[in-house]
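Report on one structure; see the data block that follows.
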There are 4 protein chains.
Amino acid sequence: MIEIGERLLLVGENREYFVTAGEGQFSTDRGMIDLAALAGMNPGDEVRTHLGVPFTVLRPRPTDFFVHAKRSGAPMLPKDIGIVIAYTGMNRDDAVLDAGTGSGVAAIYFGKIAREVKTYEVRPEFARLAEKNIRNARLENVEVVAADMLAATGEFNVVHLDLTITPAHVEHAFSLLSPGGYLSCYTPFLEHTFVALDTAGPLFRDVHCYECIERELTRSTRGTRPSTRVAHSGYVTIARK
Amino acid sequence: MIEIGERLLLVGENREYFVTAGEGQFSTDRGMIDLAALAGMNPGDEVRTHLGVPFTVLRPRPTDFFVHAKRSGAPMLPKDIGIVIAYTGMNRDDAVLDAGTGSGVAAIYFGKIAREVKTYEVRPEFARLAEKNIRNARLENVEVVAADMLAATGEFNVVHLDLTITPAHVEHAFSLLSPGGYLSCYTPFLEHTFVALDTAGPLFRDVHCYECIERELTRSTRGTRPSTRVAHSGYVTIARK
Amino acid sequence: MIEIGERLLLVGENREYFVTAGEGQFSTDRGMIDLAALAGMNPGDEVRTHLGVPFTVLRPRPTDFFVHAKRSGAPMLPKDIGIVIAYTGMNRDDAVLDAGTGSGVAAIYFGKIAREVKTYEVRPEFARLAEKNIRNARLENVEVVAADMLAATGEFNVVHLDLTITPAHVEHAFSLLSPGGYLSCYTPFLEHTFVALDTAGPLFRDVHCYECIERELTRSTRGTRPSTRVAHSGYVTIARK
Amino acid sequence: MIEIGERLLLVGENREYFVTAGEGQFSTDRGMIDLAALAGMNPGDEVRTHLGVPFTVLRPRPTDFFVHAKRSGAPMLPKDIGIVIAYTGMNRDDAVLDAGTGSGVAAIYFGKIAREVKTYEVRPEFARLAEKNIRNARLENVEVVAADMLAATGEFNVVHLDLTITPAHVEHAFSLLSPGGYLSCYTPFLEHTFVALDTAGPLFRDVHCYECIERELTRSTRGTRPSTRVAHSGYVTIARK
């Protein structure tokens, strides 16, 4: 049952809104929605605007936070988050250290999968924004730490770095990992990728660097073809302790 | 603490073995390892061969099952499993239906993330092999069903199809999904991709088809370059109810 | 020596102009250039504006016509023109039939390489524009024909089709080719690509279809990375008689 | 009319041979072909084995030399040769300097397009093999020089470097180019690519670096998909004087 304060997705015909169950009215071009009425409903229920236009009430999934979370910069793309999850084998038994929180999108994805996530962000205003996004996702197992991950202690199954990488970061990540654990480093530029590879090389067991070129295949009445836009995002270096 | 019957990874210098804690000796070119001695140890402990060569004892992660599981055919690659997890936002609250189990590698990945997984496989001998691989992964929340997914009932947050797709499969998947849930279809060939896209188009809310071209960046004393081999694997069609 | 009426490239610091040697003044933000003074000069000579700012006078190369030719639509990209030249082995001994002239950029590239080029364009206004672009490139060996290539006769070493392809086009191309000659078909959409492949398959000896994904590697003080934009253009089907 | 000593392509059903018109017999599994009989024939004529199996006699095209030339190492792939031709706008008016001849395949392509080609190869045995391949292609306008291109003099419209690049090579190339001329550097590794880019950057007007990822689209009764093998070859840096 939906509680007051929960973030929700309202989906209607060609429209999608991200709202909070609670007080007040939410206005759309199809009429007003009473936000208080959402509390007590169940996901999948229908709510109607004062004009009678129906919307389905949904609990957001991690994909929705990628779209709707407030952003402090360009977040990692889902394809790259997926690469990190798959190549580290991230799972419900894992303690994950995430560094370079940004707006917290990766931390939300990880928090919905792993047992616990500590996410480090050196910029206090970014950490505050991420904190808010993570609370909206109702994740109790994700802790935002407004500090450099070099200060982190503890033992983790996965360490994920999305920051301006230095050898010290890679070395500290190694010391934080449990045996068999994985480091992943997300680096948009080759120069930083080389720092990750060259530092991880002598320390870790298996070191690989992947780039995932994602192409959307579009299909319309004109025909089918790969999207005319394909973005480079970054390299993902995966290393196992 | 490690129990009898548990599958384990033994990692030594340039060597890696996949064994079962229990009776008998496991012979390596560095000496014999007493498998009974593994029970009662903890992950990260060291075991030595009768020649004194040390190996670290590790609980396998999903990545290890991709490498070491017995195969009935070519499994989905981790990059594509990652794309499915990321674009469906698969998480611990999810009930997942997986169809086209194959050797069960995707089901193991999903089972380590989702609340419960039902995986359908029409070929009984494949279902049996997958069952064995899944038991080795000690997953209690994954059920192998030796049947066509067209026979499935229930409600799921994610339905993943890795089989020779027909409109009936896509339509049945739609009926099994909860509101806001995701269908993913993995199809190596364009013709099957078109079946997925064309059937999902009128039924689902958001339909996208992605191809992820993965390139490994290799770095050696000769220099750095993308791997000279890049594999096409398949298309991933993602549709939201 | 440069003649009156010749198209020329004037290259100065961060500036590049495409002009015609002849009468009048060409005005730039660095001063006026006397176009009559260009006739009689040699490529590589320097011309100065009335303010004394120097420009180098150059004869345009095919690459310049890609940039400066008047366009009737999106021309083939140089990477794809290069694929056609390389996979057909286009050379100075060749008679080339080009169909779907568009603005004539491919015909200019081909005309600067092959012995003779006939280029067919069904839309008269496109044919006229292409004619003008080709005359600007001072190519005597390129003939623009305002007709469908289905009306073409003669024998060619290479037939290149950049039009909405039908089986009849592929079949007629076959009849026009000399033994050992090559057909190339440029098709943005998969559906048209299939027409090319399926018609050429039983007729031609070697049939291959290529897609060339071009990525620019950018390097700045921030770092080195593939361009964040990569365009899909089209498929190139190559078939040998 | 075909002359004695000319290299020819004999094309039969599922068979293709590269032979020399002249003395002797060429044996195939479909019977013997009299090589003396080829002289005096015309391209497209049919020759028959002593068993009556027909073969078409063809003059080879540059594409055939890529396949049939004796190799001293891995030659540039046609896709990359095409990129060089297209981005330099190579044409019949050009003097081209090619360095790092290897087996001479690129020089043959260039020689069939440009007015004249000088190709430099420091390894004498490679130069001799390239000389032989180029003579087989009956190119009078290609000169093989067994020396480092640093020793080259003259003026060229295009300089193409396929060798272990140093700043000195790039700087010497600049001095050899006519105004508006193009340098192209083919480099398999990123480190060498950086040498090309960083040296060309301050010297040349327009500097771009491209990678062309070629994918073959395969189509069979099983279905249509990109080839499961895609090769990285190298980067092509293009700079204009």
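Values quoted throughout were computed directly from the atomic coordinates according to the rules given, and no laboratory measurement underlies them. Since we're looking at a predicted model, the values are computed, not measured. Quick reminder, even Gly has a Cβ in these numbers, built from the backbone with ideal geometry, and neighbours come from all protein chains shown.
Remarks
- Here the stretch C:1-144 carries DSSP beta bridges of which approximately 65% are antiparallel, counting only pairs with both residues inside.
- Relative contact order (%) - chain B, alpha-carbon pairs under 8 angstrom, separation at least six: 14 percent
- From phi via Karplus (6.51, -1.76, 1.60), per-residue ³J(HN,Hα) for the stretch D:97-110 in Hz, x at Gly/Pro: 9, 10, 10, x, 3, x, 7, x, 5, 4, 4, 5, 3, 5
- P(r) histogram, all alpha-carbon pairs of the protein assembly as shown included - 20 Å bins from 0, percent: 12, 37, 34, 16, 1
- Relative contact order (percent, whole number), the stretch A:1-106, Cα cutoff 8 Å, 6+ residue spacing: 21 percent
- Within 10 Å of the Cβ of each residue in B:14-25, the mean number of Cβ atoms contributed by other protein chains is 0.
- Net charge contributed by nearby residues that have their C-beta within less than 9 Å of B:L183 (K/R +1, D/E -1): +2
- Nonlocal amide H pairs with D:G31, under 5 Å, H built at 1.01 Å: none
- Under 5 Å between amide hydrogens, built in the peptide plane, is the criterion, and for D:E6 it picks out D:A21 among residues at least 5 positions away or on other chains.
- A Förster radius of 51 Å combined with the Cβ-Cβ distance from B:T164 to B:A37 puts the calculated FRET efficiency at roughly 0.65.
- Model label points for C:T20 and A:D198, set 7 angstrom from Cα along the Cα-to-Cβ axis, are 5.6 nm apart.
- Taking the C-alpha atoms only, the angle from helix D:124-136 to the longest principal axis of chain D is near 50 degrees.
- Rounded if a/c under 1.5, otherwise prolate or oblate - the stretch C:1-156, Cα gyration tensor axes: prolate
- Trypsin sites (Lys or Arg not before Pro) lying in DSSP loop within the stretch A:177-224, provided at most 12 other Cβ fall within 10 Å: A:R222
- FRET efficiency, 1/(1 + (r/R0)^6) with R0 41 Å, evaluated for A:R71 and C:T28 via beta carbons: 0.45
- Number of partner chain Cβ atoms within 10 Å, mean per residue of B:76-84: 6
- Reach of C:K70 by Cα under 16 Å, taken over lysines that are not fewer than 8 positions away in the same chain: C:K132
- In order along the stretch A:77-87, phi translates into HN-Hα couplings of 7, x, 4, 7, 4, x, 4, 5, 4, 6, 7 Hz, rounded to whole numbers, per the Karplus curve 6.51 cos²θ - 1.76 cosθ + 1.60 with θ = phi - 60° and x for Gly and Pro.
- The trypsin sites (Lys or Arg not before Pro) of the stretch C:91-167 that DSSP puts in a loop, and whose beta carbon has at most 16 other beta carbons within 10 Å, are C:R92, C:R115, C:R138.
- Neighbour net charge for C:P54 - beta-carbon separation under 13 angstrom, K R +1, D E -1: 0
- Pair-distance profile P(r), taking every C-alpha pair of the stretch D:99-241, with 10 angstrom steps and integer %: 12, 36, 32, 15, 5, 1
- Shape call, the stretch C:81-174: gyration tensor on alpha carbons, a/c limit 1.5: oblate
- Only Lys, Arg, Asp and Glu carry charge here, each on its Cβ (+1 for the first two, -1 for the last two); on that basis the stretch B:47-134 has a dipole of about 340 debye about its Cα centre.
- The stretch C:168-175 - phi-based ³J(HN,Hα) in whole Hz, Karplus 6.51/-1.76/1.60, Gly and Pro as x: 4, 5, 5, 5, 5, 4, 4, 5
- Cβ-based net charge around B:G22, under 12 Å, with every Lys or Arg adding one and every Asp or Glu removing one: -3
- Two-site label geometry, C:N141 and D:T153: point separation in nm, points 7 Å out along Cα→Cβ: 3.2 nm
- Here A:R92 and B:R222 are evaluated by their C-beta separation; at R0 = 56 Å the FRET efficiency comes out at 0.85.
- The stretch B:102-156 - percent relative contact order, Cα under 8 Å, separation 6 or more: 43 percent
- Averaging Cα coordinates gives a centre for the stretch B:146-170 and one for the stretch B:7-24; these two points are 36 Å apart.
- Taking packing as the residue-averaged number of other Cβ atoms within 10 angstrom, the listed peptides C:233-240, D:171-178, C:148-155 run from highest to lowest as C:233-240, D:171-178, C:148-155.
- Rounded to the nearest 500, the helix-only mean residue ellipticity at 222 nm of the protein assembly as shown stands at -7500 deg cm²/dmol, with each DSSP H run of n ≥ 4 adding -39,500 (n - 2.57).
- Euclidean distance between Cα centres, the stretch A:103-144 to the stretch C:174-241, Å: 45 Å
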